[in-house]
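Here is the structure we will look at, set down as structure tokens.
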Amino acid sequence: MSKVLMKGNEAIAEAAIRGGCKFFFGYPITPQNELPEYMSRELPKHGGVFLQAESEVAAINMVYGAAGAGGRVMTSSSSPGIALKQEGISYIAGANLPAVIVNIVRGGPGLGGIQPAQSDYNQVTRGGGDGDYKMPVFVPANLQEMVDIMMEAFDIADYYRNPVMVVGDGMIGQMMEPIEFKKPVPRELPVKDWITTGTKGERKPNIINSLFLEASDLENHNLEAQEKYAEMVKNETRVENYNMEKPELVLTAYGTTSRICKNVIAEFKKEGIEIGLIRPITVWPFPHKAFEDIPESAKGILVVEMSQGQMIDDVKIANNGRLPIGFHGRSGGMIPDPQDIILKVREMLGGVK
Amino acid sequence: MAIVYDKSKGLTDVELHFCPGCTHGTVHKLVAEVLVELDVLEKSVGVAPVGCSALSYDYFNCDMQQASHGRAPAVATGIKRVNPELVVWTYQGDGDLASIGTAEIIHVAHRGEKITTIFINNAIYGMTGGQMAPTTLIGQKTTTTQDGRTVEHSGKPLKMAEMLATIDGAKFVERVSVDTPTNIRKAKKAIRKAFELQLSGKGFGIVEVLSTCPTNWALTPRDSLQWLRDNMMPYYPLGNFRTPEEDE
């Protein structure tokens, strides 16, 4: 198939439909509105249902109900809206339900702003909801990667019976890039024999639930979830290691920030200085091994984020005290300037070279 | 010997956790009987949220979803939109429906969502230990209104049935009570009509059931029934507020 030029939010919606999404529940919030708008127009043409909910809270609970009834379902929102959905996401995880949540991140805290940001790292990787739950969190860096992940996301959710989050900063949602819709590698998906479709007199009632009043039952429920999360760590951790053969310094960044870092790397190459990049494609599971595998040539790690420093905590855990860690971040919708990153790299390499 | 009374097939054999004298058990029985009599038990999905109804998923002999506090109407919307041929219903208390979940209940009515809601109004939070509900009466003592609820501090109790009846998509709205055998029969009739409305595909139906909470009212079961008649019925009049026939 030939490439098409599409706006990010619309490309995400189209990829979701091609990935088998049949139900969408959402509430308007900038900068992701083109996504539900596209869904409202296109999903019914594919035998699906779009419904604009009365709130983010209602939308995520509609997702819960739909997932429990066997629907391939998603919602999308942006940072403050995702904060409102966190309780529902915890319930979805607690009840072992598959669903896809798209977060087109804007600056916070509070109402914040509507410009691109990466300040939702903690809210998407640490859960905003209660309890010991995890979900795969994808952070693509360009539209092609975004649509590839969207087309696979519903299978991943069904495979693990778990929510999956796909995160783009506001730039991913608003930019246009040429993309190609490619079918993902098929997974063998388990039969949904647990869904509430009416007993039809043929089986015992199915119950969708996250309540366990017996302490030992709840602990066992959590231990089973941990086994599932261990499988996700093993199978779903994704990372790009870029120019990592013999770097003097390693940059680490995700999403569109990683593209700025690649420009920085190209600048240093002109001077004969090799700078590497570890680009997490999943931030949960976090690609710890990539950091363990950093060659001896590296003198340090520079974390670059569109926040005041959130992923840096995971980098510190992965680094485990081995290398010095520097940080450069902009927030509130301000984009990191390559020149500032270059200055910071020179500083970490021990002055101007 | 002929069996003249039997437990409904719509209920499981799990022992109910409700306190002695509480009317939840009666309402559970009525819902179960209606589902069986309409022959829809096997294609029905109930949604039980948070409160004394939280464990209802163990009591009804059909597919069930447990929902977060107040969100049962949203969860039911998700189920019904995926599978419109299912009979989907919620069973919610007054803390759930009239306080934390007001947005959700108003908007299922607003959309005319083809689901049925059974609303238990016992003028108090039962499960959490007797705190004030939006339906708590003026002067009523609760653990958070220890000298009695006042209008100045908390306003007047919400009349959900009357309020929902103003919304076009709510095609069947009735308030009933289960304090006497006669009223229990009337309540069952209303619940049946609310489910028949769903089967007709005309819109949203809700039955508000005045109920007792002897434990948190600190009254005997019998005195509770009398307290309901003396105090709740004058403020929450029984009757129908909306039938689909009105719109035809």
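Backbone amide hydrogens, once placed in the peptide plane, bring B:T143 within less than 5 Å of B:Q131, B:M132, excluding anything fewer than 5 places away on its chain. Solvent-accessible area of B:C213, all protein chains in place: 10 Å² (probe radius 1.4 Å, heavy atoms, ligands and nucleic acids excluded). By a 1.4 Å probe calculation restricted to protein chains, B:V176 has an accessible surface near 10 Å², given to the nearest 10. The phi torsions of region A:257-266, fed into the Karplus equation with coefficients 6.51, -1.76 and 1.60 and a -60° offset, translate into couplings of 4, 5, 6, 5, 4, 5, 5, 4, 4, 5 Hz, rounded to whole numbers, with Gly and Pro shown as x. Considering only A:M232, A:G131, B:A72, the residue lying farthest towards the positive end of the dipole of the protein assembly as shown is B:A72, judged by Cα position with unit charges set on Cβ.
Within region A:4-236, all pairs of alpha-carbon atoms sorted by distance into 10 Å bins from zero give the percentages 8, 34, 38, 16, 3, 0. Ordered from largest to smallest accessible area (heavy atoms of protein chains, 1.4 Å probe), the residues B:R192, A:R72 come out as B:R192, A:R72.
Highest mobility in the GNM of chain B, judged by mean-square fluctuation with C-alpha springs under 10 Å and restricted to B:G148, B:G130, B:G51, is found for B:G148. Largest accessible area first, the residues B:H24, A:H221 order themselves as A:H221, B:H24 under a 1.4 Å probe with ligands, DNA and RNA left out. Residues whose amide H comes within less than 5 Å of that of B:S177, counting only those at least five positions distant or on another chain, are B:A187, B:L210 (H built at 1.01 Å from N in the peptide plane).
How much net charge surrounds A:I101 when only other residues with a Cβ under 12 Å from its Cβ are counted (Lys, Arg +1; Asp, Glu -1)? Once positives and negatives cancel, what remains is -1. Comparing mean-square fluctuations of A:K299, A:K183, A:K270 from a GNM of chain A with C-alpha springs under 10 Å, the top value falls on A:K270. Counting only DSSP beta bridges whose two residues both lie in the protein assembly as shown, roughly 20 percent are antiparallel.
Partners of B:K7 within straight-line reach, counting lysines whose Cα lies under 17 Å from its Cα and excluding those fewer than 8 residues away in the same chain: B:K29, B:K188.
If R0 is taken as 25 Å, the Cβ-Cβ distance between A:R259 and A:N320 corresponds to a FRET efficiency of 0.35. Between A:Q52 and A:F212, the modelled labels are 4.1 nm apart [label points 7 Å from Cα along Cα→Cβ]. Using a Gaussian network model of chain A in which every pair of alpha carbons under 10 angstrom is joined by a spring, one finds that among A:D314, A:D340, A:D158 the greatest mean-square fluctuation is at A:D340. For region A:223-234, 3J(HN,Hα) computed residue by residue from phi via the Karplus equation (6.51, -1.76, 1.60; θ = phi - 60°) reads 5, 4, 4, 4, 4, 5, 5, 4, 5, 5, 4, 5 Hz, glycine and proline entered as x. Taking amide hydrogens as placed 1.01 Å from N in the peptide plane, the amide H of B:Q65 sits under 5 Å from those of A:I208, B:G46, B:V47, B:A48, each at least 5 positions away in sequence or on another chain.
Computed from point charges on the beta carbon alone (+1 for Lys and Arg, -1 for Asp and Glu), the dipole magnitude for chain B about its Cα centre is near 180 Debye. Shown are B:K186, A:K192, B:K114, whose ranking by accessible area with a 1.4 Å probe and every protein chain present, most to least, is B:K186, B:K114, A:K192. The simple Förster model, with R0 at 56 Å and r as the Cβ-Cβ distance, assigns B:Q146 and A:K200 a FRET efficiency of 0.65. Peptide A:309-322 has a mean shielding of 0, counted as Cβ atoms of other protein chains within 10 Å of each residue's Cβ. Which of the GluC sites (Glu not before Pro) found in region B:1-99 are loop residues per DSSP with 11 or fewer other Cβ atoms within 10 Å of their Cβ? Passing sites in region B:1-99 are B:E15, B:E85.
Take each residue in A:197-206, count the other chain C-beta atoms within 10 Å of its C-beta, and the mean is 6. Each residue, A:D340 and A:T30, gets one label point 7 Å from its Cα in the Cβ direction; the gap between the two is 2.3 nm. A simple charge model with +1 on the Cβ of Lys and Arg, -1 on the Cβ of Asp and Glu and nothing else charged puts the dipole of the protein assembly as shown at about 560 debye relative to its Cα centre.
When +1 charges are put on Lys and Arg Cβ atoms and -1 charges on Asp and Glu Cβ atoms, the dipole computed for region B:33-175 relative to its Cα centre reaches about 420 debye.
Placing a pseudo-label 7 Å from each Cα along the Cα-to-Cβ vector at B:S200 and B:H110 gives an inter-label distance of 2.5 nm. Relative to the current alpha-carbon distance between A:V4 and A:K45, full extension at 0.36 nm per residue lengthens the span by 12.7 nm. Shielding value for A:50-58 is 5, the average number of Cβ atoms from other chains within 10 Å of each residue's Cβ. If you bin all the Cα-Cα distances of the protein assembly as shown at 20 Å, starting from zero, the percentages per bin are 20, 45, 26, 9, 1, 0.
Our coupling estimate for region A:331-336, obtained by passing each phi through the Karplus curve with A = 6.51, B = -1.76, C = 1.60 and θ = phi - 60°, is 8, x, x, 7, 9, x Hz, Gly and Pro reported as x. Which aspartates and glutamates does A:K289 reach when only Cα atoms under 18 Å apart count, and residues fewer than 8 places away in its own chain are ignored? Cross-link targets: A:E231, A:E236, A:E240, A:E245, A:D313, A:D314.
The values are calculated or read from the model by the stated rules, or taken from the named source; none is laboratory data. Being a predicted model, the structure only gives us computed values, none of them experimental. Every residue, glycine among them, receives a Cβ derived from its backbone with ideal geometry; neighbour counts consider all protein chains shown. Ligands, DNA and RNA are stripped out before the accessible areas are found, and what is left, the full protein with its side chains, is counted by its heavy atoms. Shrake-Rupley method; radii C 1.70, N 1.55, O 1.52, S 1.80 Å.
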